[in-house]
Amino acid sequence: MPDLLEKLLKNQPFAAALLCAAALFATAAQADGGHDHGHAGHGASHASAHDGDTPYGRPGDAAKARRTVHVVMSDTMRFDPATITVRRGETVRFVAANGGRLEHELVLGTAASLKAHAEEMRAMPDMQHADPGAVRVAPGASGEIVWQFTEAGSFDFACLIPGHFEAGMVGKVVVR
Ligand SMILES: [Cu+2]
């Protein structure tokens with residue numbers, strides 16, 4: 001090992017390349033890990049959440065969605081409606097329409113998980129959500145999420161595009 005270190009020190013370009021590769025790897029690992037982290041909802045209990053369970057529910061079966069909730073996202077950084085009330089156990093089909101000229105997204109979560117996720121988005125603005133509880137929508141288009149709310153409580157949804165979350169692009173899901 002001392003030999004290798006000596007070689008590294010003498011061979012600066014090689015060392016630099018190695019460091020660079022290490023940094024890339026670390027970034028990639030962080031992106032992946034961060035994603036899981038953000039989407040799993042930040043809890044040790046999520047190690048066992050292989051079926052997509054989160055504190056705010058789980059991906060729903062579209063065939064079981066008896067209710068469709070239309071949400072409009074606008075460049076005023078608001079969701080309309082901003083509060084949605086559902087029954088515990090209910091499967092909801094969200095249709096998120098983008099009425100603005102900017103991209104927007106609807107990401108389900110808890111206040112804490114969305115805040116942490118927004119911070120990751122600021123660090124990596126190009127991060128894509130590979131998350132059944134999230135949909136990014138182009139201007140004039142609409143996207144869907146089918147979600148089952150399995151726990152009673154108050155949860156959030158938000159647009160985590162940098163600047164939007166900070167401007168208050170957040171809504172509430174109250175599960176009774
Ligand atoms: Cu937005």
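The values are calculated or read from the model by the stated rules, or taken from the named source; none is laboratory data. Please read these numbers as outputs of a predicted model, since none were measured by experiment. Backbone-built Cβ (ideal geometry, glycine too); neighbour counts: all protein chains shown. Accessible surface areas use protein heavy atoms only, side chains included; no ligands, DNA or RNA. Shrake-Rupley method; radii C 1.70, N 1.55, O 1.52, S 1.80 Å.
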Requested in this report: Select from region 121-176 the residues that are more than 23 Å from Gly99 (Cα to Cα) and among the hydroxyl-bearing types (Ser, Thr, Tyr) and list them in ascending order.
Outcome: Thr150, Ser154
Query raised in the report: So, of the residues in region 120-133 that are surrounded by 16 or more Cβ atoms within 10 Å (Cβ to Cβ) and in a helix (DSSP H, G or I), which turns out to be farthest from the ligand (Cβ to nearest atom)?
Result: Glu120
Requested in this report: State which residue is nearest to the ligand (Cβ to nearest atom) when the search covers only region 80-119 and only residues that are touching a Gly at 6+ places or on another chain (Cβ under 7 Å), of a type in the set (A, V, I, L, M, F, W, C) and open to solvent by 10 Å² or more (accessible area, probe 1.4 Å).
Outcome: Ala82
Query raised in the report: Applying the selection to region 32-79, what residues are at pLDDT 90 or above, away from the ligand (no atom under 16 Å from the Cβ) and crowded, with 16+ Cβ neighbours inside 10 Å?
Result: Asp53, Thr54, Pro55, Tyr56, Gly57, Arg58, Pro59, Gly60, Ala65, Val69
Query raised in the report: What do you reckon, is Gly143 away from the ligand (no atom under 16 Å from the Cβ) and closer than 28 Å to Arg87 by Cβ?
Result: no
Report task. Could you check Leu160 against (1) open to solvent by 10 Å² or more (accessible area, probe 1.4 Å); (2) part of a loop (DSSP other than H, G, I, E, B) and say which number it fails? Result -> (1)
Report summary line: Taking region 97-107 and keeping residues part of a strand (DSSP E or B) and within 21 Å of Met121 (Cα to Cα) leaves Asn98, His104, Glu105, Leu106, Val107
